[in-house]
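For reference, the structure discussed in these notes is given below.
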Amino acid sequence: MRDNFHDRIRLPSLRDKVTSAADAAHWVRDGMTVGMSGFTRAGDAKVVPLALAERARHEQLKITLMTGASLGNDIDKTLTEAGALARRIPFQADPALRSAINRGEVMFVDQHLSETVELLRTRQIAPIDVAIIEAIAITETGAIVPTTSVGNSASFAILADKVIVEINLTQSPDLEGLHDIFIPKRRPQREPIPIMNVRDRVGTAAIEIPPEKIVAIVVTEKADSSSNILPPDAETAQIAGHLVDFFKNEVKQGRLTDSLLPLQAGIGTIANAVLAGFIDSPFHNLTMYSEVLQDSTFDLFDAGKLDFASGSSITLSPQKSREVFADIARYKDRLVLRPQEVSNHPEVIRRLGIIALNTALEADIYGNVNSTHVLGTHMMNGIGGSGDFARNAYMAIFATKSLAKGGDISSIVPMVSHVDHNEHDVDILVTEVGLADLRGLAPRERAQAIIGNCVAEPYREMLRDYVERANRRGGQTPHVLEEAFSWHVRYRDTGSMLLPVEETRLRA
């Protein structure tokens with residue numbers, strides 16, 4: 001490992017830019033738009049944001065903050081509590097920031113993760129004033145070598161007026177060479193993205209910018225935050241089992257081979273646990289074209305099931321992080337990290353034929369999915385990249401446990417309280433109860449498949465009653481409009497979606 005300071009800043013003219021986090025933070029002024037590295041708690045700037053928060057506690061300083069996705073090290077929490085955030089784009093996962101968003105104190109723009117830099121590049125949203133990017137090193141030409149994520153870092157650095165670099169000495173120099181930085185041309189001169197295979201490398205190993213744009217370099221030694229996903233449980237194991245059986249049948253029918261097609265999995269416990277279920281499956285020589293590479297990615301590598309994985313970040317549990325980054329050379333020739341506008345690009349997703357697995361907060365009887373809003377109004381984290389994949393995938397799968405809050409909530413409802421993925425983009429819905437294959441089904445058929453395969457009692461019987469009464473009213477997509485959100489209202493008012501005993505008797 002090369003930990004010599006000169007090996008980290010290899011362009012001599014930049015070494016006099018090394019300064020403190022507090023001094024670097026002074027390049028950011030009130031009202032600016034700041035682009036920070038970071039994608040799902042990986043590769044985020046770690047000390048300059050804290051210095052910004054400290055300034056905001058003592059002076060007027062509010063910024064628009066853009067990232068790749070969520071940040072670690074309580075950065076969003078600290079900036080929120082300091083009053084430093086006016087606007088946040090395009091994703092977050094912090095409880096303190098979430099509360100401020102739902103109180104209307106921070107304006108949150110929830111975007112498909114592939115779209116943010118497209119809007120920046122065409123100046124449809126406010127331009128980046130300052131980019132703050134974590135790096136392993138700066139090359140001899142002044143190019144920035146990212147750490148454990150790429151996210152939007154490359155375009156932020158390219159489009160910003162000024163760039164602050166955090167050189168993180170805890171990030172292994174062996175990560176250099178892992179990245180593939182490809183930036184699409186501006187329209188109308190844009191050409192196809194030349195990725196024909198998950199393994200293809202089509203860009204550069206570092207973010208190439210004019211070195212004079214780098215106004216400050218801060219040396220840090222803070223590690224990435226670990227993933228907070230939970231280990232598989234009985235219900236996620238059942239979900240995985242249903243999917244494995246489904247894919248076995250797809251192979252039997254000749255629609256897939258034992259290598260399937262490239263896999264994508266959203267961040268979180270359910271998606272990670274479902275992928276882990278492939279370890280004991282008959283599938284082999286698997287590939288992955290995804291956003292976040294989680295524990296299950298490396299478990300599949302170690303089990304000899306996975307050949308190659310392309311993503312935009314690596315986010316691991318504490319134990320898995322120690323194992324992987326201590327021996328990253330063992331995986332390096334089977335990994336690539338790309339900008340998220342490439343990892344999530346509709347063109348590439350459609351070309352490669354991705355099998356997309358994402359999670360739902362709730363789904364309805366016709367296959368519409370809500371990924372973001374509790375009771376239709378309160379933001380959780382954001383849509384993330386699930387829409388990029390669902391709309392363009394070979395097969396779009398959404399998974400959820402059938403029940404929440406000890407059974408007081410059914411994850412399958414008459415109508416979702418907020419739509420992130422409409423019925424046209426959802427092919428498979430799976431819970432621990434079972435799997436509904438919605439391909440080729442009309443709305444009335446979808447309702448029967450979902451209720452019969454994915455819903456736990458007593459909600460299954462409640463939904464059958466709802467559909468029977470809705471069908472009597474007619475329509476392509478039948479509803480009892482005055483009851484479509486009654487389950488949500490009942491939960492809000494009573495703490496449970498279940499019918500009161502006396503109403504159950506009346507309907508019986």
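The values are calculated or read from the model by the stated rules, or taken from the named source; none is laboratory data. From a predicted model like this one, the values you see are computed outputs, not experimental measurements. Every residue, glycine as well, gets a Cβ built from its backbone with ideal geometry; the counts of neighbours run over all protein chains shown. Areas reflect the complete protein model, heavy atoms only, side chains present, ligands, DNA and RNA absent. Shrake-Rupley method; radii C 1.70, N 1.55, O 1.52, S 1.80 Å.
Condition test on E140, is it closer than 20 Å to E221 by Cβ and either of a type in the set (D, E, K, R) or modelled with pLDDT under 95 (or both)? Before you say what the answer is, go through the steps one by one.
Details: closer than 20 Å to E221 by Cβ: no; either of a type in the set (D, E, K, R) or modelled with pLDDT under 95 (or both): yes.
Here the answer is no, as E140 does not meet what is asked.
Among the residues of region 184-228, write down those that are in contact with a Lys or Arg (Cβ under 7 Å, 6 or more places away or on another chain) and assigned to a helix (DSSP H, G or I).
Selection gives K213 alone.
When F156 is evaluated against the numbered criteria (1) open to solvent by 10 Å² or more (accessible area, probe 1.4 Å); (2) touching a Gly at 6+ places or on another chain (Cβ under 9 Å); (3) not hydroxyl-bearing (S, T, Y), which criterion, by number, is the only one it fails?
Failing condition for F156: (1).
Filtering region 228-280 down to residues that are in contact (Cβ under 8 Å) with a residue 40 or more places away in the chain, polar (S, T, N, Q) and closer than 22 Å to F308 by Cβ, which residue is surrounded by the most Cβ atoms within 10 Å (Cβ to Cβ)?
Q264
Any idea which of (1) under 16 Å from A42 (Cβ atoms); (2) open to solvent by 40 Å² or more (accessible area, probe 1.4 Å); (3) over 22 Å from the mean Cα position of the chain (by Cα) is the one N168 doesn't satisfy?
All conditions pass for N168, except number (2).
Given I428, I383, I355, I349, which one is within 19 Å of the chain's Cα centre (by Cα), surrounded by fewer than 24 Cβ atoms within 10 Å (Cβ to Cβ) and at pLDDT 95 or above?
Values: I428 fails: within 19 Å of the chain's Cα centre (by Cα); I355 fails: surrounded by fewer than 24 Cβ atoms within 10 Å (Cβ to Cβ); I349 fails: surrounded by fewer than 24 Cβ atoms within 10 Å (Cβ to Cβ).
Just a single option satisfies the conditions, and that option is I383.
Look at region 198-227 and say how many of its residues are in contact (Cβ under 8 Å) with a residue 12 or more places away in the chain, under 27 Å from I349 (Cβ atoms) and either surrounded by 16 or more Cβ atoms within 10 Å (Cβ to Cβ) or not hydroxyl-bearing (S, T, Y) (or both).
Adding up the residues that qualify gives 11.
Please work out which residue is nearest to the chain's Cα centre (by Cα), limiting yourself to region 238-271 and to residues that are among the small types (G, A, S) and closer than 21 Å to N197 by Cβ. So that I can check it myself, show each step before the final result.
First pass over region 238-271, keeping only residues among the small types (G, A, S): 240-241, 254, 259, 265-266, 268, 271.
Then drop every residue that is not closer than 21 Å to N197 by Cβ, which leaves 259, 265.
Numbers: S259: 24, A265: 9 Å.
Going through the qualifying residues, I end up with A265.
Given the options G142, G151, name the one that is under 18 Å from V292 (Cα atoms), touching a strand residue (DSSP E or B) at 6+ places or on another chain (Cβ under 7 Å) and open to solvent by less than 10 Å² (accessible area, probe 1.4 Å). Break it down stepwise before answering.
Working: G142 fails: under 18 Å from V292 (Cα atoms).
Answer to the check: G151.
Pairs, please: C-beta under 9 Å, at least 6 apart or cross-chain, first residue touching a residue at least 60 places away in the same chain (Cβ under 8 Å) and closer than 20 Å to I397 by Cα and in region 368-385, second of a type in the set (K, R) and not in a loop (DSSP other than H, G, I, E, B)?
As it stands, the answer is N381/R98, since those pairs meet every condition given.
Please give the helices (runs of 4 or more DSSP H) falling wholly within region 46-122 in which 2 or more residues are open to solvent by less than 30 Å² (accessible area, probe 1.4 Å) and within 26 Å of V165 (Cβ to Cβ).
Working: elements: 48-56, 75-81, 95-102, 116-121.
Those helices (runs of 4 or more DSSP H) span 48-56, 75-81, 116-121.
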